[in-house]
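What follows is calculated from the coordinates using simple rules that are stated; it is not laboratory data. Remember, predicted model here, so these are calculated numbers, not experimental data. In this analysis, Cβ positions are derived from the backbone assuming ideal geometry, glycine residues included, and neighbour counts consider all displayed protein chains.
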Amino acid sequence: MLKVDQLRAGYGAINVLWDVSLTFPLGELTAIIGPNGAGKSTLLKAMMGLVPTTQGSVSLDGIALTGRATWDMASLGLALIPEGRMVFRDMTVEENLAMGAFPKPHRAALGRNLERVFGLFPRLKERRRQFAGSLSGGEAQMLAMGRGLMSEPRVLLIDEPSLGLAPVVVREIFEILGGLKAQGVTIVLVEQNTHMALKLADGVYLMRAGKVILAERAAALDLDRLHDLYFAREGGAEGLAGVAE
């Protein structure tokens, strides 16, 4: 199990996350939703060691991740697919994918994992010799996802995969996420397309102002209450902090 316990993190003197605690069961897809500025992306970055933490811990099956270097996370079983894709534009599709297998334990499986990614994303195979900068937004998102899979992660952290994409591409991306979930990949999904995220999710966390204000199994979720909390219509902004306690 991936566990975040009483985490505080932020940027310099600005704290963003306030005593955030979450658990992510292995083999499930957990959705983290919330309005802009809720701290969702900061949470993923803190879990990956990209944002410094001042309190709390992150662990995977009891192994502490807090304080470890970001470049060690792939070897520990985590991979982040960042918001905005962030592919290497002047490298080919295949070279981008190879970067995902850079950690030594995964280099020997490069060929096998390339074929796995090309099976999931046939368009990437067609464009394997093209520079990543020439890809469409949807293709670049597929490349970012494929690169994350090249290290055979136990847990995949995905930040806003539908951002800026056409509806038909969003549906394709979510179909692929459903396939990965069916294969047993643990997925932590930050997503503002609440409708699509909830269709796939096993568990749901709602964040506002750097705090978790709702934690529910997706099957038991009251959508009306979720929307009230999302838009701060229940209890006023002052009363939200204790909802998830």
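Quick notes on this one:
- Taking the Cα centre of the chain as origin and assigning +1 to Lys and Arg Cβ atoms and -1 to Asp and Glu Cβ atoms, the resulting dipole is close to 760 debye.
- Lysine pair number, Cα distance threshold 19 Å (strictly under), the chain, separation 8 or more or different chains: 7
- The chain - share of DSSP beta bridges that are antiparallel (%, nearest 5): 55
- Since only 9, 130, 205 are under comparison, the one whose Cα sits farthest along the positive direction of the charge dipole of the chain, derived from C-beta charges on Lys, Arg, Asp and Glu, is 130.
- Listed residues 140, 97, 108: farthest to the positive end of the dipole of region 87-152 (Cβ charges): 108
- Rounded to whole Hz, the Karplus (6.51, -1.76, 1.60) HN-Hα couplings of region 3-15, x for glycine and proline: 9, 10, 10, 6, 7, 10, 7, x, 10, x, 7, 9, 8
- Backbone HN-Hα couplings from phi across region 190-202 [Karplus 6.51/-1.76/1.60, Hz, Gly and Pro as x]: 8, 7, 8, 7, 4, 4, 5, 5, 5, 5, 9, 6, 8
- Since only 169, 33, 221 are under comparison, the one whose Cα sits farthest along the positive direction of the charge dipole of the chain, derived from C-beta charges on Lys, Arg, Asp and Glu, is 169.
- Long-range amide H partners of residue 65 with built H, under 5 Å: 58, 59, 60
- Cα-based equivalent ellipsoid of region 87-152: semi-axis lengths in Å, sorted from largest, via gyration tensor: 18, 12, 9
- Using alpha-carbon coordinates, inclination of helix 137-149 to the longest axis of the chain, degrees: 90
- Per DSSP, loop chymotrypsin sites (Phe, Trp or Tyr not before Pro) in region 129-232 with at most 16 further Cβ within 10 Å: 231
- Packing around the peptides 143-154, 161-172, 179-190, taken as the average count of other Cβ atoms within 10 Å per residue, puts them in this order, highest first: 143-154, 179-190, 161-172.
- Placing +1 on each Lys and Arg Cβ and -1 on each Asp and Glu Cβ, with no other charges, gives region 179-235 a dipole about its Cα centre of roughly 140 debye.
- Distance between modelled label sites at residue 75 and residue 195, nm, 7 Å Cα→Cβ extension: 4.5
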